[in-house]
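Structure first, then comments.
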Amino acid sequence: MDHFMERNVPFNGSLGLFDHFFFLALHAAGYAISYCSLWEKPRKEASMADNTKQEESGLSRRDFMRSAAVGAAGAVALAGMMQKEALAAEPAKPAAPAAAAPAAKPAALKIDDVMKAAREKLYPRCRVCPECDGVACAGEVPGMGGIGSGKSFKNNFAALQKIELNMRTFHNIKKVDTSVTLFGEKLALPVMSAATGGVTYNMGLKGKMTDAEYIDALLGGCRLAGTLGWAADGIGDPLETFQIRLKAVKKYEGKAIVTIKPKTQEEIIKRVRLIEEVGAVAFAVDIDSAGRAARALPGQTVEPKTLKQLREIAKSTKLPFIVKGVMTVDEAKMAIDAGASGIVVSNHGGRVLDYTPGVADVLPKIAAKMKGKTVILADGTMKYGTDVLKMLALGADAVLAGRHLLRGAVGDGKEGVALLLNKMKSELTDSMVLTGTASARKVSKSIIA
Ligand SMILES: Cc1cc2nc3c(=O)[nH]c(=O)nc-3n(C[C@H](O)[C@H](O)[C@H](O)COP(=O)(O)O)c2cc1C
């Protein structure tokens, strides 16, 4: 009955036609919302079968939710129109102030559009699930999933889910600083795009997006959001593809980090020279891609590296050298001994070795020994600002987001990437206030519950 009071209309005990409609509309909206949220509950292990069913029926969960919401909104609007008519009979009231300019499209809706566009292009390589948990795409490598059973990818998601935050609001931290400085570069937020390559063989974008367009979207989006993007290096990618990516790095004035596969020493050093020429901030070797050493094809040699070989790479240049794919304390120490300026605690998104622990499980052990001695980066299912804050509290200096930003790039180019990064930044800002964290440079372990 609250709406009678709000309208300042005395309730006379009987409902008019308008009121019947209004109640009906509210019921419809409430029903749609509760039904949607029930359906949206984590579906985890069931998600693959679930997704397939929707795809067969041609009506996705998202589409249903949208129709339900539109239906409910329509009913509310109809009731609103009837209310307007009823009020027209009342004595005239002073004119309302001039209507404000139409409000900008809410960020959540825009992101929904980007994800929808991404799904249209990426399906079936990526189903753009409500949560990217490695379930639906288990075993899809090449593709977007995790290798084998998909356990390593799923572990990344599960390890992060386990972490909860202590909410603290008895303090005077109202403004927070999300910026960090890495390798001499100030980033507006401690998130960079991870290296993701294989526009055709992983993402299935042949004829829809080229390598050049993809890397431009990733690096350009990161620049728009005030951070750095990473450029990939696929095992089978010819040098020309690598050079396409370097061209984009140059276009964005070197504001990027370039990865090199653990190829032969000679091949790596050849690429380091090219990276120096485009003025990149740093380079990385994703040493965890060494798994194919045993079955490498001619010209596609990848190999594990000895300490001596890592030293040789570090000494070959003045550029900061980052070792990507460190999952143990001893190898983190060795990377630093070899002269690396940074490490990425990563299992390559669960794409190289099945049954590794989740990154959030190993990160605190590595950070306990290495914090302050090297730049510690981490990745694995980064999507929300709270994901970032958790990783910082576990000891990372910044994080990399792979599949999430990939979808932004495919869905809406550089604007899509920037939109997702800005949303992460705004969520990070809120969660920093609510945990009493003033600066992303110094996040206390004590915020973890
Ligand atoms: C399609 C795809 C391609 C990737 N290509 C590369 C690559 O070329 N080099 C690299 O170091 N990592 C590569 N990765 C791994 C990512 O850099 C990152 O470590 C991983 O995806 C974890 O982040 P995420 O869970 O946010 O996706 C790739 C990942 C995906 C999904």
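Bear in mind these aren't lab numbers, they're just calculated from the coordinates by the rules spelled out. Owing to the predicted nature of the structure, the values given are computational and were not obtained by experimental measurement. Cβ placement follows ideal geometry from the backbone for every residue including glycine, while neighbour counts extend to all protein chains displayed.
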Fill in the blank from the handout: Amide H neighbours of Ser439 at under 5 Å, excluding residues fewer than 5 places away on the same chain, with H built from the backbone geometry, are Asp177
Handout entry: Relative exposure of Phe242, Phe153, judged by other C-beta atoms within 10 Å (fewest first)
Key = Phe242, Phe153
Practice task
State the Cα centre-to-centre distance between segment 275-324 and segment 181-239 in whole Å.
Solution key: 18
Handout entry: Cα-based equivalent ellipsoid of segment 111-447: semi-axis lengths in Å, sorted from largest, via gyration tensor
Key = 28, 23, 20
Completion exercise
Expected vector for segment 281-291, Karplus 3J(HN,Hα) from phi with 6.51, -1.76, 1.60 and θ = phi - 60°, integer Hz, x for Gly and Pro, equals 5, 6, 9, 10, 10, 7, 5, 6, 8, 6, x
Problem - Protection proxy ranking, peptides 185-195, 349-359, 397-407, 364-374, average beta carbon neighbours within 10 Å, highest first - result: 397-407, 185-195, 349-359, 364-374
Practice task
Could you check what % of the DSSP bridge pairs in segment 111-447 are antiparallel, to the nearest 5?
Solution key: 10
Handout entry: Amide H contacts under 5 Å for Ile260, placed H, 5+ residues apart
Key = Ala284, Val285, Asp286
Handout entry: At R0 = 35 Å, FRET efficiency that the Cβ-Cβ distance of Asp337 and Lys442 yields, to 0.05
Key = 0.85
Exercise for the section: Read phi for every residue in segment 260-271 and hand back ³J(HN,Hα) as whole Hz from Karplus 6.51 cos²θ - 1.76 cosθ + 1.60, θ = phi - 60°, with x for Gly and Pro. Expected result: 10, 5, x, 6, 5, 4, 4, 5, 5, 5, 4, 6
Exercise for the section: Give the whole-number value, in cubic angstrom per residue, of the convex hull volume spanned by the C-alpha atoms of segment 275-398. Expected result: 129
